[in-house]
Amino acid sequence: MPRQSFVYACVSYLFVFPIFRFLFRGQTKGISNLPNTGGVVIVSNHGSHLDPPILGHALGRPVAFMAKSELFNVPLLSFIISACGAYPVKRGAGDREALRNASNRLVEGWATGVFLDGTRQENGRVNDPKAGAALLAARTGSPILPVAIVNSHRAFPKGSLLPRFVSIHLRVGELIQPPKTRKREDLTSTTKEIQISINSMLDQGLIKNI
């Protein structure tokens, strides 16, 4: 079972979390839905480059993401991203290798992050969901946790060189059980359920202060 390493704790509490909390006035709702231990597929929308560090450090639990294998050739960077849960995928490698690496992380007990569209979306919503998250869950029996990242597409739009410090909030949904089988219809049904959950949370907008 993975534990928070010293490097992860330093990156989280001294760098990423303060930026999220103070510069972007970050808030999180529904964090109790995230299991404290065990493999879980964290699935979210993808609006900007800010999303991986926010998901990886603002949920209070390390979240593994795939990273280009070239990054692991840089000694210090390799040490940091490995400690933070990143795992290498070779440039041009097939989906099978990425799926195998992600599955291994889940079996090891990691929370493993997947962006449902695969790439950034200018409107910040889930527009063209892929079945990869559902397949990961089906392969490993891991539950799926939908997370809506509200406003990151406005904070750091595609093509921008610098971010704008608008509010970014996280809404964490209820767990979704893995598909019963790896058949296309089951994967499609679960993928649609995830899409609806995330987009519904996005429609609620920023978290209102009580």
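Structure notes:
- Cross-link check: pairs Lys130/Lys180; Lys68/Lys130; Lys158/Lys183 evaluated at a Cα-Cα cut-off of 29 Å; pairs beyond the cut-off: Lys158/Lys183.
- Share antiparallel - DSSP beta bridges, the stretch 6-203, percent rounded to 5: 25 percent
- Net length gained if the chain between Thr188 and Val107 were fully extended (0.36 nm per residue, minus Cα distance): 26.9 nm
- Karplus-based coupling profile of the stretch 16-25, in residue order and whole Hz: 5, 4, x, 5, 4, 6, 9, 5, 9, 6, with θ = phi - 60° in 6.51 cos²θ - 1.76 cosθ + 1.60 and x standing for Gly or Pro.
- Within the straight-line cut-off of under 19 Å between alpha carbons, the lysines reachable from Lys29 are Lys208, sequence neighbours fewer than 8 places apart in one chain being disregarded.
- Reported label for calculated Cα extents along the principal axes in Å given [x] 60, 37, 32; [y] 43, 42, 34; [z] 55, 33, 27: [y]
- Most mobile listed residue (Gly26, Gly159, Gly113) in the chain, GNM with C-alpha springs under 10 Å: Gly159
- When only the Cβ of Lys, Arg, Asp and Glu is charged (+1, +1, -1, -1), the dipole of the chain relative to its Cα centre reaches about 80 debye.
- Near Val40, the amide H atoms lying under 5 Å from its own belong to Ala111, Thr112; only residues 5 or more places off or on other chains count, and H is placed 1.01 Å from N.
- DSSP-assigned coil residues among trypsin sites (Lys or Arg not before Pro) in the stretch 80-157, each with at most 10 further Cβ atoms within 10 Å: Arg91
- Close amide H pairs (under 5 Å, H built 1.01 Å from N) link Met66 with Tyr87, residues at least 5 positions away or on another chain.
Coordinate-derived values only; no laboratory data. Small disclaimer: the values here were computed from a predicted structure and weren't measured. Using ideal geometry, Cβ is built from the backbone for each residue, glycine included, and neighbour counts are taken over all protein chains shown.
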